[in-house]
Amino acid sequence: MREKIQSLRKQIDVLNINILELLSERAEVAERIGEAQTTLGLSHYDPAREQEMLEAIVAANKGPFDEPTVKSLFKQIFQASMQLEDDHDKKKYLTSRTLDHEDTVVRVGDVHIGSNHSPVLIAGPCALESREQVLLTAEYVASKGVTLFRGGAFKPRTDPYSFQGLGEGGLRLGREACDQYGLKFVTEIMDPRDIGMFIEYVDVLQIGARNMQNFMLLKAVGNTDKPVILKRGLSATIEEWVMAAEYLLSAGNPNIILCERGIRTFEKYTRNTLDVSAVALAKLETHLPVLVDVVHSGGRRDLLVALTKAGLAVGADGIMIEVHPNPEVALSDNKQQIDFDTFDRYLEETGYHKKLSIKRHEVYGF
Ligand code: PEP
Ligand code: MN
C-alpha cells in the first residue's frame, strides 16, 4: 500500500509541474493581451469575457470537482493574471514605487526634502504685499531657523476684484528678502508663459491646487529642472494628483514634491478636509517627497498644531504654513495666517523648534 502511495505521489509531482507550465504559458498569453489592451486604452477587466470563459470551462468539466469548485479555482487564475497585467502597467510610470524603489530626495540648495531627512517647514505670508511686510516676515521666520520662505506674487483668487498679487514686483521683493536672510524662495506660477521670468527669481516653483491639471503649465515646468511643489487639486483623486506629477517627471524634471492641501468635501467646519490617508498613500505608491499644507486644508488657526502633528505622524516630509506680521489686515487668507507670537507657540507645540535647531544654532549660537 505504501508503495502505491509513493507511486501516485510521483504522478502528482509530475502533474504539478505540468499545471505550473500551463499556468505560466497562460500568464504569458494574458500579458500579451494586457499589452494590447493598454495600447488601445482598454481596461484589463472584462466581465463578459470572464463569464464566457467560465461557461466554457464548466461545460467541459467532467468531474470530480463540482461546478463551484472549478469556478473558484479558475477565478483565482483570472485574478492572478489581471494582477500581472496591472503590475505591468504600473511599472512604466515614473512616479511609481515599482520602478524606482529609492525615495527621491529633492535638494533646494543645502536643504534636503524627502526620505529620512528631517521634515522641512515652509513659512511665509499667503501673498507678498509690500516691501515692509515681506522683509519683516522673512527676517522673522529666518531667525527661527526656517530655510524655505513662501509668498505668492501671482495669486489665484476666486473673486476677480480681490487682490491679485504684486506680479513681477512681488517676485523681485521675494528674491531680495530671501537673499538678505539666507532663505530659499517658494512661490506659485500660474501661467506657462511666465516660466522665463520665474526661473530668474525663484528657487522652488509651486503649482497651485487650481492648476494641478493645467497640462500646458505642467509641461512647461516639467521642462525645467527647478524643484516643484505640486499641490493636490481641490477635488482631485489621488490618481489624478499622481498623474499630474507624472506629467512633470515625464517632461524631464525629477525634482518633484507633492503637497496635500485638503480636498473639498461636505464638511463646513473646516475650509477643506485634510486627507491624511492621501499623504500616507502618496508615500506608499510613489517615491516622491510629500508635504502637508496645514493652512489651506483646515483653514483655521486653532487646527494648525493638530494637523501638523497628524501630517508628520503619517510620514509627511514637511509642512507649509502662512505667517504674517499682522494677519487681520492681510490682503488674502486673513482668517488663517498667524502672527509672529502665534508662530513661536506653533514651533514649540509642534516640536518644530527642535527640528530647526541646527540652523538656529548656526545663526544665533544658542
Ligand atoms: C497657496 O499656497 O498660496 C495657495 C493658493 O494654495 P492652494 O493652491 O493649495 O489653494
Ligand atoms: Mn493662502
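Summary table
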| item | result |
| --- | --- |
| Selection within segment 262-279 - assigned to a helix (DSSP H, G or I) and not small (Gly, Ala, Ser) | VAL276, VAL279 |
| All helices (runs of 4 or more DSSP H) inside segment 159-261 with 1 or more residues being under 21 Å from GLU285 (Cβ atoms) | 215-222, 238-250 |
| Residues within segment 145-159 that are in contact (Cβ under 8 Å) with a residue 24 or more places away in the chain and either within 16 Å of ligand 2 (Cβ to nearest atom) or among the acidic types (Asp, Glu) (or both), tallied | 10 |
| Tally, over segment 82-134, of residues that are surrounded by fewer than 20 Cβ atoms within 10 Å (Cβ to Cβ), of a type outside the set (Ser, Thr, Tyr) and part of a loop (DSSP other than H, G, I, E, B) | 13 |
| Segment 232-254: number of residues that are of a type in the set (D, E, K, R), more than 16 Å from ligand 1 (Cβ to nearest atom) and either more than 24 Å from VAL111 (Cα to Cα) or not assigned by TED's automatic domain parsing to the domain that holds LEU284 (or both) | 1 |
| Subset of segment 138-177 that is of a type in the set (S, T, N, Q) and within 14 Å of ligand 1 (Cβ to nearest atom) - its residue that is farthest from ASP341 (Cα to Cα) | THR158 |
| Set VAL305, VAL242, VAL314, VAL323: member being surrounded by fewer than 24 Cβ atoms within 10 Å (Cβ to Cβ), touching a helix residue (DSSP H, G or I) at 6+ places or on another chain (Cβ under 9 Å) and in contact (Cβ under 8 Å) with a residue 60 or more places away in the chain | VAL242 |
| Count of residues meeting criterion [in a strand (DSSP E or B), within 16 Å of ligand 2 (Cβ to nearest atom) and without any contact (Cβ under 8 Å) to a residue 40 or more places away in the chain] in segment 280-300 | 1 |
| Every residue from segment 283-296 that is within 15 Å of ligand 1 (Cβ to nearest atom) and within 11 Å of the chain's Cα centre (by Cα) | VAL290, LEU291, VAL292 |
| Single unsatisfied condition, LYS90 versus (1) among the charged types (D, E, K, R); (2) modelled with pLDDT under 95; (3) in contact with a helix residue (DSSP H, G or I) (Cβ under 6 Å, 6 or more places away or on another chain) | (3) |
| Sole residue being without any contact (Cβ under 8 Å) to a residue 40 or more places away in the chain and in contact with a helix residue (DSSP H, G or I) (Cβ under 6 Å, 6 or more places away or on another chain), chosen from ILE12, ILE5, ILE19, ILE57 | ILE57 |
| Hey, LEU312 at pLDDT below 95 and in contact with a Pro (Cβ under 8 Å, 6 or more places away or on another chain) or not | yes |
| From the options ILE229, ILE257, ILE263, residue that is buried (at least 17 other Cβ atoms within 10 Å of the Cβ), closer than 26 Å to ASP87 by Cα, within 16 Å of ligand 1 (Cβ to nearest atom) and in the same structural domain as ILE113 (by TED's automatic domain parsing) | ILE257 |
| Complete set of residues in segment 333-353 that are at pLDDT below 95, surrounded by 18 or more Cβ atoms within 10 Å (Cβ to Cβ) and in a loop (DSSP other than H, G, I, E, B) | ASP333, GLN336 |
| Count - residues of segment 164-203 that are more than 16 Å from ligand 2 (Cβ to nearest atom) and among the β-branched types (Val, Ile, Thr) | 3 |
| Some residue of segment 41-49 being over 33 Å from the mean Cα position of the chain (by Cα) and at negative phi | yes |
| Test: residue in segment 24-35 that is surrounded by 13 or more Cβ atoms within 10 Å (Cβ to Cβ) and more than 29 Å from MET243 (Cα to Cα) | yes |
| Inter-residue pairs, beta-carbon under 6 Å, first over 14 Å from LEU258 (Cβ atoms) and in segment 214-239, second of a type in the set (S, T, N, Q) and within 16 Å of ligand 1 (Cβ to nearest atom), 6+ apart | LEU217/ASN211 |
| HIS101 vs. criteria modelled with pLDDT under 95, closer than 19 Å to ASN255 by Cβ and either more than 16 Å from ligand 1 (Cβ to nearest atom) or not assigned by TED's automatic domain parsing to the domain that holds LEU347 (or both) | yes |
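The values are calculated or read from the model by the stated rules, or taken from the named source; none is laboratory data. Here the structure is a predicted model, which is why all the values come from computation and not from measurement. Because the Cβ atoms are built from the backbone with ideal geometry, glycine has one as well, and the counts that use them run over all protein chains shown.
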